[in-house]
Amino acid sequence: MLSQLRNKLGNDTRILVGNIPDLSQVNTYTSLGIPKLLLTLQIKRWNDAIKQIVKKNQCDLVDLYSHWKELSEHPEYISFYGFYLSTHGYERLVQIFYQQYLK
């Protein structure tokens with residue numbers, strides 16, 4: 001899908017792609033019984049694949065895993081349901097993407 005987008009937009013258009021943040025900091029996953037180590041290893045695999053695809057398609061990686069370590073310190077970033085982002089979480093996500101865009 002990313003390659004199709006790249007082909008459609010051409011190389012002059014910047015495409016930002018975010019990887020997966022460190023969800024082991026989100027209590028929802030641990031409350032479901034998912035071991036933190038297992039979740040961390042799986043996210044690393046997914047992020048490695050995302051990084052390769054982003055590079056292959058000449059896009060910019062927004063490294064949410066590295067930049068969003070504050071998830072555990074800001075429970076307000078996660079919605080009432082415990083899985084989706086809240087309004088505050090989306091505001092922070094926009095800030096992170098915008099910082100990458102300015103580089």
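The values are calculated or read from the model by the stated rules, or taken from the named source; none is laboratory data. What you see is a predicted model; the values in this text were computed from it and never measured. Every residue, glycine among them, receives a Cβ derived from its backbone with ideal geometry; neighbour counts consider all protein chains shown.
At-a-glance table
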| item | result |
| --- | --- |
| Within the stretch 17-34, considering residues that are in contact with a strand residue (DSSP E or B) (Cβ under 7 Å, 6 or more places away or on another chain) and part of a loop (DSSP other than H, G, I, E, B), the one nearest to Pro75 (Cα to Cα) | Val26 |
| Given (1) farther than 25 Å from Leu2 by Cα; (2) in contact with a Leu (Cβ under 9 Å, 6 or more places away or on another chain), number of the condition Glu70 does not satisfy | (2) |
| Any hit, the stretch 41-62, residues being under 20 Å from Ser3 (Cα atoms), of a type outside the set (D, E, K, R) and in contact (Cβ under 8 Å) with a residue 60 or more places away in the chain | no |
| When residues of the stretch 72-103 are limited to those that are of a type in the set (Phe, Trp, Tyr), part of a helix (DSSP H, G or I) and touching a residue at least 12 places away in the same chain (Cβ under 8 Å), the one surrounded by the fewest Cβ atoms within 10 Å (Cβ to Cβ) | Tyr101 |
| Search result, residues across the stretch 39-59 that are part of a helix (DSSP H, G or I) and in contact with a Ser or Thr (Cβ under 9 Å, 6 or more places away or on another chain) | Leu39, Thr40, Ile43, Ile53, Lys56 |
| Boolean, Ser31 is among the small types (Gly, Ala, Ser) and either surrounded by 11 or more Cβ atoms within 10 Å (Cβ to Cβ) or closer than 19 Å to Gln99 by Cβ (or both) | no |
| Condition met for Arg14 (buried (at least 16 other Cβ atoms within 10 Å of the Cβ) and modelled with pLDDT of 95 or more) | no |
